[in-house]
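Here the structure comes first, spelled out in structure tokens, and everything after it is commentary.
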Amino acid sequence: MWDKLALILLVVGGINWGLVGIFDLDLVAWTLGGAGSIAARAVYILVAISAIWCISFLFRRNEELAVSADRH
């Protein structure tokens, strides 16, 4: 469950950064009241934690990832 949640948040962050790079549009900030708002900062922090969590995927064996995916 945590792996999927981390991946979803990482995808949200990646799409947001893509929008910033292509259109200069920070969708998270725009929808949550500005980049400095508590809600937007919370999303940024959750995306960062998700990225750190996903680093562990690089060190897991392929079998462990397959078993983890099959359980969910």
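Coordinate-derived values only; no laboratory data. Model, not experiment: these values are computed from the prediction. Don't worry about glycine lacking a Cβ; one is built from the backbone with ideal geometry, like all the others, and counts go over all protein chains shown.
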Could you tell me which of Ala48, Ile22, Met1 has its Cα farthest along the dipole of the chain towards the positive end, charges placed at Cβ (Lys, Arg +1; Asp, Glu -1), taken about the Cα centre? Met1
Tell me, in nm to one decimal, what length is gained between Thr31 and Leu7 on full extension, where the rule is 0.36 nm per residue of separation less the Cα-Cα distance? 6.6 nm
In the chain, which helices (entire DSSP H runs) extend 30 Å or more along their own long axis, judged by Cα positions, while averaging at least -0.5 on the Kyte-Doolittle scale? 2-23
Rounded to the nearest 20 debye, dipole of the chain from Cβ charges on Lys, Arg, Asp, Glu: 140 debye
